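Down below is the structure, laid out as structure tokens.
The values are calculated or read from the model by the stated rules, or taken from the named source; none is laboratory data. Because the structure is predicted, anything quoted here is derived from the model rather than measured. Glycine also receives a Cβ, built like all others from the backbone with ideal geometry; neighbour counts cover every protein chain displayed.
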Number of protein chains: 2
Amino acid sequence: MTSTPHGARARARIEITAAIKEEARRRLAEQGAAELSLRAVARTLGMASSAIYRYFPSRDDLLTALIIDAYDSLGETAEAALKGSAGAAPGERWTAVCEAIRGWALAHPHEYALIYGSPVPGYAAPATTVPAASRVGFALIDVVRDAHRAGELDVPAVPADLEAEAARMAADFVPDLPPAVAPACVAVWAQLLGLIGFEVFGQFTRIVEERHAFFRHTVAGLARTVGLRPADAS
Amino acid sequence: MTSTPHGARARARIEITAAIKEEARRRLAEQGAAELSLRAVARTLGMASSAIYRYFPSRDDLLTALIIDAYDSLGETAEAALKGSAGAAPGERWTAVCEAIRGWALAHPHEYALIYGSPVPGYAAPATTVPAASRVGFALIDVVRDAHRAGELDVPAVPADLEAEAARMAADFVPDLPPAVAPACVAVWAQLLGLIGFEVFGQFTRIVEERHAFFRHTVAGLARTVGLRPADAS
DNA sequence: GCGATGCAAGAGCAGTGCTCTCGTTTGTGT
DNA sequence: ACACAAACGAGAGCACTGCTCTTGCATCGC
């Protein structure tokens, strides 16, 4: 019955594990994933570099842990914006959630690069990241669901060659919504994160200056794509 | 007057430079930027690792050269699709260019990651990459310009707080088009590359199956966002 | 022909991820 | 209470990296 790890040993283990992650996250935030060194983390923690491997079997495993944390942090931010805008019109909630996501990305560029940038190692993200990764998408979907319940959702059209795919998508993660909105949700999700990525990764340098206004306007267009009626008359 | 590099010396120099880039590009294509090692390139080229530094002062400089090449390769692909669809309806040209970009990205995932993924080193892309990087965007703009000349462009609306920005954008790179289309072009450009990035980087795993049909449908929606009338009745 | 320059090679530095071994500490079953 | 097993920390070491410096050689302009 060691499944319940009582004892000071186990307590120390989770404490040290947390300390390693914390220090790694600090270095990640200010240097980026490529410069994250296990030895450097061990050094500032006052332990031998080989000791780290008792807690994370490889550098990639540490990165995976940080990836999950980043997904969760972003997901929490999105969900907080969702809760904070409860009761407002769907169009306003949409921009609230989108702006929260953008704000997190701008505040945590390296974390954002870690989860939505190019996959660092030989990619193939472990399946353990899926639940944390889907929180953002579900926050966006919640706004759409809200609008649908209020009868304020203009269900988009779907071409014939996508009907089966739309049905499959809807059955997988929005069984309570019309199938036609599923592809639109996925598309808008990808476009939104791609848009934010461009801003975070500096592609807008010397191209977009009024980035906040530009983002609001673009996000209103995305809202229309999923069938929402955006708040501001853009 | 050594601006015209005559002599066998200079000829050997550009040949070796090209050989280094070629071998580096090969390794990049099959391993990714993170695994690209100067020593490995030198090894397979039969030269000492220190000799590489006569041609590229640092690893980042080699990467920058590869970045420019990737931008140019993608830009050429987009421009070829533009020329190949000359005469067709704007909506069809739009999907042709978009599909060409997507095809290139799927065929060269590591190159795509290099230019549109997270910036590898301490980012801040050198100004020398700008001309090559803008070719894709201009290919997309050309379709819009084509539609505008044919009187088939539905100029989108722009909110008041973006009017000045739209005018500045338009003056910078589309002085012959109505200012209101400039922000839409930039937004659609970012969203398109973001969408492709999600597919290339594996974010669509277990989410989108019929990726080609999904892409075509989404791209038709992007066309509408810039004021084009898409070809297929989606 | 002769200096000046460009170039290749080797050694070397500091750093990395990761493995292995060796005592030591801690927890557990008898 | 004792003994055994598991977990642990530290150190040495391997193979690798980007990059620098020095040394000798080939090439170029004059």
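Cβ-Cβ distances below 9 Å connect the following pairs, each with a first residue in the range B:38-52 that is farther than 13 Å from B:A19 by Cβ, a second residue that is outside any loop (DSSP other than H, G, I, E, B) and of a type in the set (D, E), and a separation of six or more residues or different chains: B:A40/B:E23.
Against the list (1) more than 11 Å from chain A (Cβ to nearest Cβ); (2) under 19 Å from A:T205 (Cα atoms); (3) not in a helix (DSSP H, G or I), the condition B:S118 fails is (1).
Within the range B:16-31, the only residue that satisfies the criterion of being modelled with pLDDT under 95 and of a type in the set (D, E, K, R) is B:E30. You will find that of A:L140, A:L228, the residue that is crowded, with 20+ Cβ neighbours inside 10 Å, part of a loop (DSSP other than H, G, I, E, B) and within 22 Å of the chain's Cα centre (by Cα) is A:L228 and no other.
Checked across the range B:150-162, the condition of being assigned to a helix (DSSP H, G or I), more than 16 Å from DNA strand D (Cβ to nearest atom), crowded, with 19+ Cβ neighbours inside 10 Å and touching a residue at least 60 places away in the same chain (Cβ under 8 Å) holds for no residue. A Cβ distance below 7 Å, combined with a sequence gap of six or more or placement on separate chains, defines the contacts here; from the range B:103-119, residues that are β-branched (V, I, T) reach residues that are in a helix (DSSP H, G or I) and modelled with pLDDT of 95 or more in the pairs B:I115/B:I67; B:I115/B:A70; B:I115/B:Y71. Six or more apart or on different chains, Cβ atoms under 7 Å: show the pairs whose first residue is in the range A:11-35 and assigned by TED's automatic domain parsing to the domain that holds A:A113 and buried (at least 17 other Cβ atoms within 10 Å of the Cβ) and whose second is at pLDDT below 95 and among the aromatic types (F, W, Y). Pairs found: none.
Applying the criterion of being more than 18 Å from A:H217 (Cα to Cα) and among the small types (G, A, S) to the residues of the range B:181-208, the residue that is surrounded by the most Cβ atoms within 10 Å (Cβ to Cβ) is B:G197.
Being under 17 Å from the mean Cα position of the chain (by Cα), in contact (Cβ under 8 Å) with a residue 60 or more places away in the chain and part of a helix (DSSP H, G or I) is the filter here, so list the residues in the range B:169-222 that pass it. Listed by number, the residues that qualify are B:L192, B:L193, B:I196, B:G197, B:E199, B:V200, B:V219.
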